[in-house]
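Right, one structure below, let's go through it.
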Amino acid sequence: MGSILIIGAGAAGSVVAKKCAMNREVFQKIHLASRTLEKCRKVKEECVSDITISQVDADDTAQVFRLIEKEKPDVVVNMALPYQDLPIMDACLATGVSYLDTANYEPKDEARFSYTWQWAYQDRFRDKGIMAVLGCGFDPGVISIYCAYAQKNLLDEIHTIDIIDCNDGSHGKAFATNFNPEINIREVTQRGKYWKEGQWIEVDPLSIACMIDYPLVGPRKSYLIYHEEEESLVKNIKGLKQIRFWMTFSDNYIKHLEVLQNVGMTRIDPVMYNGVEIIPLQFLKHLLPEPSSLAENYTGKTSIGCILKGVKAGRQASYIIFNVCDHAECSRELKAQAVSYTTGVPAMTGAMMMLKGLWVGKGVFNVEELPPEPFLDEVARQGLPWQAIELGPEAYQELAEL
Ligand code: NDP
């Protein structure tokens, strides 16, 4: 049916490549390119059907341009880092090829992610007649599509959304992050933020916490953080009055993060060390386990969903929509842990929607703007089944009162 170029052979990118290789009726040609060729080789060996690979530095638009010209993909999937979003989008524009990613752009020298930089490509993508699909991982991604599904099928008006994200797994390391350490630590150490009655309310990092009962996992301490899908859902879910994002962190994770921050290891400004300029957080990333190395012996589950409250047929109604994913099962299937599996499977499914002509358009789209049903049917078939359950009036009352 089509041809895909995947950029980034890390934890999540390797899941995209392996899953594409299991769906050859859609992805007839698969090319994986990344900064380190050796990582592409390892992924290629683990794919169930043959893929081609090459080295690329995706910070350099000219290199990506040449790669696209050579491979002639129908879609480019950015599974490298948010820093590469814009250079890859520029190369897509120059070659007239559609684009998909899982994380919005942030500049390297400022820990601030936002869709504004990518939304600014709207007219150029539309005029070129190509499509950019933004944020097609799990959150952003599947969660945003759950919200679109609820808006269309479950509630007449959605008034509040609480996105709840729990990794209840154990990788057995003293400290590790489940996706790229640099991006993860930049996200978590930012000030918290949520949206209420038309305004963004900022709070100190990790200063609001509560117990949340996660499906198939149980009550876990969860912290309010700012997450990128809030920025687009505020625009795309009509009548919304409040949106918040909650994530679990173990006491051990918080303890390590605090110490690392206190000693300056999470700084993103350059410091001189033995006559060489280094960025402490990039050095720390170099020392920490790679997220792709965590799968073996990872136990437990992720439980990620959203609680939506609003009005249906003139009465108050609320739903929870969620997926539960088991680390060990992901490891058995793809040698991946559940956080990279739940990112990579939706990215592959989004690319499949584009190649099958089920997601079509000209311009820049967040995933909740595209038809939710075909995606949700397919993502369930591909390993991420989901459930939507109507809640009683008392459910998640504590959360509602916060
Ligand atoms: P990894 O660090 O495991 O992988 C990133 C890969 O990108 C590495 O292989 C790296 O190469 C490669 N890369 C980095 N810079 C470049 C470059 N300039 N040119 C080419 N390749 C490059 O991270 P993850 O797989 O965990 O995360 C990948 C992305 O997925 C991130 O953007 C992350 O924010 C996003 N994500 C999204 C989620 C969602 O639900 N929406 C959840 C989790 C992650 P090298 O090996 O040489 O370092």
Which whole-number percentage describes the relative contact order of the chain, with Cα contacts under 8 Å and a sequence gap of 6 or more?
-> 20 percent
What ranking do 339-349, 124-134 get when scored by the average of other Cβ atoms within 10 Å per residue, highest first?
-> 339-349, 124-134
Check: the stretch 161-307 dipole with +1 on Lys, Arg Cβ and -1 on Asp, Glu Cβ, in debye | 240 debye
About its Cα centre, how strong a charge dipole does the chain have in debye, to the nearest 20, once Lys and Arg get +1 and Asp and Glu get -1 at the Cβ?
-> 600 debye
Among the DSSP H helices of the chain, those whose Cα atoms extend at least 18 Å along the helix axis and whose mean Kyte-Doolittle hydropathy is 0.5 or higher are 338-355
Simple Cβ-charge dipole of the stretch 75-160, Lys/Arg +1 and Asp/Glu -1, about Cα centre, in debye nearest 20 = 220 debye
What does the helix-only formula give at 222 nm for the chain: each DSSP H stretch with n ≥ 4 adding -39500 (n - 2.57), the total divided by the residues, and the result rounded to the nearest 500 deg cm²/dmol?
-> -10000 deg cm²/dmol
Please report the Cα spread of the stretch 1-156 along all three principal axes, rounded to whole Å, starting with the longest.
-> 48, 34, 32
Most mobile of F283, F65, F249 per a Gaussian network model of the chain (Cα springs, under 10 Å)?
-> F283
Computed on alpha carbon atoms, what radius of gyration and Dmax characterise the stretch 285-402, expressed in Å?
-> 17.6, 56
Output the peptides 188-195, 105-112 sorted from most to least packed, where packing is the average of other Cβ atoms within 10 Å over each peptide's residues.
-> 188-195, 105-112
Which three lengths, in whole Å and largest first, does the chain cover when its Cα atoms are put on their principal axes?
-> 57, 53, 41
Using only alpha carbon pairs under 8 Å that are at least six residues apart, calculate the relative contact order of the stretch 1-100 and give it in whole percent.
-> 31 percent
Segment K173-M22, length gained on full extension (0.36 nm per residue, minus Cα span) | 51.3 nm
Can you give me the relative contact order of the stretch 212-358 as a percent, contacts being Cα pairs under 8 Å and 6 or more apart?
-> 16 percent
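Each value in this text was obtained by applying a stated rule to the coordinates, not by laboratory testing. If you're wondering where the values come from, they're calculated on a predicted model, not measured in any experiment. Every residue, glycine among them, receives a Cβ derived from its backbone with ideal geometry; neighbour counts consider all protein chains shown.
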